[in-house]
Number of protein chains: 2
Amino acid sequence: MDPETREEIMGATYRALREHGYADVTMQAIADESAKSKAALHYHYDTKRELLLAFHDHLFESFVERLDDAEAAADADDPASRLTSIFERLLSAEDDDAHTEFHALVLETKARGPYDEAVRRKHLRIDDHVRARFETILRDGIEEGTFDEAVDPEETAAFLWTLINGCHTRKVATGRGVEPVRRQLYEFARTTLVADGGAHAAEVLPE
Amino acid sequence: MDPETREEIMGATYRALREHGYADVTMQAIADESAKSKAALHYHYDTKRELLLAFHDHLFESFVERLDDAEAAADADDPASRLTSIFERLLSAEDDDAHTEFHALVLETKARGPYDEAVRRKHLRIDDHVRARFETILRDGIEEGTFDEAVDPEETAAFLWTLINGCHTRKVATGRGVEPVRRQLYEFARTTLVADGGAHAAEVLPE
C-alpha cells in the first residue's frame, strides 16, 4: 500500500473512532469517513480488527515522530533541555478539546488491555519506548554530570512516564488541567534529578 | 430501598459490568446476575443510566471506606504513617487479576469523561476527595514538623494522586507492575516530603 493511501485510511479510521468509539466502530463507518469504499478498505485490511491493530501501529509511529521532533528542537548536548522539551510536548495542549478527545480514545483502548493481548502489546510497545527514551536522557545527564548520580535511570524513567500517564488519565476523566502537576514535575526535576551545582540545568527547567 | 437490596443490586451490576463492559451492559444482563427480576430492578431504578450513576456513587462510597480503613490502620498521630498506609492500600494487590479487571472497568468509564458530564462529575468527586485527603495529611505533617515546610500541600497532593492514577492506567494497559514506581514514590517521600531531621518519618516509609 502506498503511504498516501495508508495515511488516508488512518485519518478516516481516527475520525470514525472519535465518532463511534473503539467498541462500536465498523468498517462501514470508517469507509464513510474515507474516500475509499468499504470493499476497498477490505482489499487492504481483511478485517476490522486488522485495520484497528494497524491503527495502533500508526499511533505508535506518530507518537515516536512527535518525541523525535521534541528532542530535535532541544539542545542535543543538554539532557535537561531534551527532557524538558519532551515533557512540554507530552503535557502541552492539554486544554485543547481535540487533544482530550484523542486521549479519551487512547484511554478506551487501554481499558481493553486485560482482555485483548494484541492491544495490550501495542500499549506495551509505547510504554517501553518512552521509558527507554527517558532512561537514555537520564543516563546521558548522569554521565556528563548534569543529573545526580544517585538517580536510578530505569526506575526514574518509569516514575516520570507513570506521572505523565496519570496526567492524561485525569484530564480525560475529570477535565482537570495538568498545570499544578506540571509545576511539581519540574520542581522534582530541580530538587531530585539535577546534580548539585547543576545551575544551568536548573535554569533550563521551567518554573 | 434497604441497604441489603442496594448492596445486592450493586454486586450484580458489578458482575454484569465485568462480563459485558460499561458500553454494552443491559438491565437484563444485570438482572441475570441478581436475585431480582428486571422488573424489580426497574422498580428501584427507572433506567439503566440511573442505575449506573448509582453504581458510581457506590464505588465512591466503597473507595472512601477503603481509605478510611487505611488511615484507621495507621498511627493517627503520624502523618507519614497515614500517607504510607493509603499508598499501600492504593498500590497493593496490583498483581491480582480481579483488581486489574476492576481498574479496567473504572478506566473504561474514565474514557467517557469528555462525552458524559454526569460520569465526569462522579470521577471529579473521587479526584477531589483523594487530593483533599492527601492535602490534609501533608498539612498536618508540615504543621508538626514531619514534612518539609517547602512542600506545597495542594500541588503535591495532586502530584501524588496523579502518579497513582498513572500506576493504575499503566497496569491495566500494559500489565506492568507498579513496583519500580512504588519504590521511587517512597524515595520521593523520603528526599522531598520529609523535613530535615525527620528520621522517624523516613523510617516509617518503606524501602
Could you check B:GLY145 against (1) at pLDDT below 95; (2) buried (at least 16 other Cβ atoms within 10 Å of the Cβ); (3) not hydroxyl-bearing (Ser, Thr, Tyr) and say which number it fails?
(2)
Could you please find all residues in segment A:1-34 being over 21 Å from A:GLU108 (Cα atoms) and either without any contact (Cβ under 8 Å) to a residue 40 or more places away in the chain or assigned by TED's automatic domain parsing to the domain that holds A:ARG112 (or both)?
A:ASP2, A:PRO3, A:GLU4, A:THR5, A:GLU7, A:GLU8, A:ALA31, A:ASP32, A:SER34
Does A:ASP69 qualify as being among the acidic types (Asp, Glu) and over 26 Å from A:GLY166 (Cβ atoms)?
no
Given the structure, is B:ALA98 out of contact with any Ser or Thr (no Cβ under 9 Å at 6 or more places or on another chain), under 30 Å from A:TYR22 (Cβ atoms) and facing another protein chain (nearest Cβ under 8 Å)?
no
Could you say whether any residue in segment B:56-75 is outside any helix (DSSP H, G or I), over 16 Å from the mean Cα position of the chain (by Cα), at negative phi and away from chain A (no Cβ under 14 Å)?
yes
Check A:ASP128 against each of (1) touching a strand residue (DSSP E or B) at 6+ places or on another chain (Cβ under 6 Å); (2) more than 21 Å from A:ALA199 (Cβ to Cβ) and name the one condition it does not meet.
(1)
Does B:ILE126 count as under 21 Å from B:VAL181 (Cβ atoms), of a type in the set (Val, Ile, Thr), touching a Lys or Arg at 6+ places or on another chain (Cβ under 9 Å) and in contact (Cβ under 8 Å) with a residue 40 or more places away in the chain?
no
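Conditions (1) assigned to a helix (DSSP H, G or I); (2) more than 10 Å from every other protein chain (Cβ to nearest Cβ); (3) within 18 Å of B:LEU205 (Cα to Cα), marked per residue:
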{"site": "B:ILE142", "(1), (2), (3)": "yes, yes, yes"}
{"site": "B:VAL151", "(1), (2), (3)": "no, no, yes"}
{"site": "B:GLU155", "(1), (2), (3)": "yes, no, no"}
{"site": "B:TRP161", "(1), (2), (3)": "yes, no, yes"}
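Within segment A:110-120, restricting attention to residues that are part of a helix (DSSP H, G or I) and at the interface with chain B (Cβ under 9 Å from one of its Cβ atoms), which residue is farthest from B:VAL172 (Cα to Cα)? Walk me through it before giving the result.
Filtering segment A:110-120 for residues part of a helix (DSSP H, G or I) gives A:110, A:113-115, A:117-120.
Okay, now just the ones that are also at the interface with chain B (Cβ under 9 Å from one of its Cβ atoms), so A:110, A:113-115, A:119-120.
On the way: A:LYS110: 7, A:GLY113: 6, A:PRO114: 6, A:TYR115: 10, A:VAL119: 11, A:ARG120: 9 Å.
Selected residue: A:VAL119.
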So which of A:ALA132, A:ALA157, A:ALA118, A:ALA173 is modelled with pLDDT of 95 or more, touching an Asp or Glu at 6+ places or on another chain (Cβ under 7 Å) and at negative phi?
A:ALA157
Among the residues listed as A:THR136, A:THR146, A:THR174, A:THR191, the single one being more than 11 Å from chain B (Cβ to nearest Cβ), of a type in the set (Ser, Thr, Tyr) and free of Cβ contacts under 8 Å to residues at least 24 places away in the same chain
A:THR136
Given (1) closer than 14 Å to B:THR174 by Cβ; (2) within 7 Å of another protein chain (Cβ to nearest Cβ); (3) free of Cβ contacts under 8 Å to residues at least 12 places away in the same chain, A:LEU107 misses just (3)
Does B:ARG112 satisfy being at pLDDT below 95 and either touching a Lys or Arg at 6+ places or on another chain (Cβ under 6 Å) or more than 30 Å from A:TYR22 (Cα to Cα) (or both)?
no
Only listed residue being at pLDDT 95 or above and of a type outside the set (D, E, K, R), chosen from A:GLY21, A:GLY11:
A:GLY11
For segment A:133-171, give me the residue count where each residue is closer than 17 Å to A:ARG89 by Cα and either outside the structural domain of A:GLU101 (by TED's automatic domain parsing) or not charged (D, E, K, R) (or both).
13
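Quick check, is A:ARG89 assigned to a helix (DSSP H, G or I), under 28 Å from B:ALA111 (Cβ atoms), more than 14 Å from chain B (Cβ to nearest Cβ) and in contact (Cβ under 8 Å) with a residue 12 or more places away in the chain?
Values: assigned to a helix (DSSP H, G or I): yes; under 28 Å from B:ALA111 (Cβ atoms): yes; more than 14 Å from chain B (Cβ to nearest Cβ): yes; in contact (Cβ under 8 Å) with a residue 12 or more places away in the chain: yes.
Spelling it out, A:ARG89 is indeed assigned to a helix (DSSP H, G or I), under 28 Å from B:ALA111 (Cβ atoms), more than 14 Å from chain B (Cβ to nearest Cβ) and in contact (Cβ under 8 Å) with a residue 12 or more places away in the chain.
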Only listed residue being at negative phi, surrounded by fewer than 20 Cβ atoms within 10 Å (Cβ to Cβ) and outside any helix (DSSP H, G or I), chosen from B:ALA98, B:ALA35
B:ALA35
Scanning segment B:177-188 for residues that are of a type in the set (Val, Ile, Thr) and more than 7 Å from every other protein chain (Cβ to nearest Cβ) gives B:VAL178
Within segment A:11-32, the residues that are within 14 Å of chain B (Cβ to nearest Cβ) and in a helix (DSSP H, G or I) are A:LEU17, A:ARG18, A:GLU19, A:HIS20
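The values are calculated or read from the model by the stated rules, or taken from the named source; none is laboratory data. Predicted model, so just to flag it, every value in this text is computed and none were measured. A quick note on method: Cβ atoms are made from the backbone with ideal geometry, for glycine too, and the neighbour counts reach across all protein chains shown.
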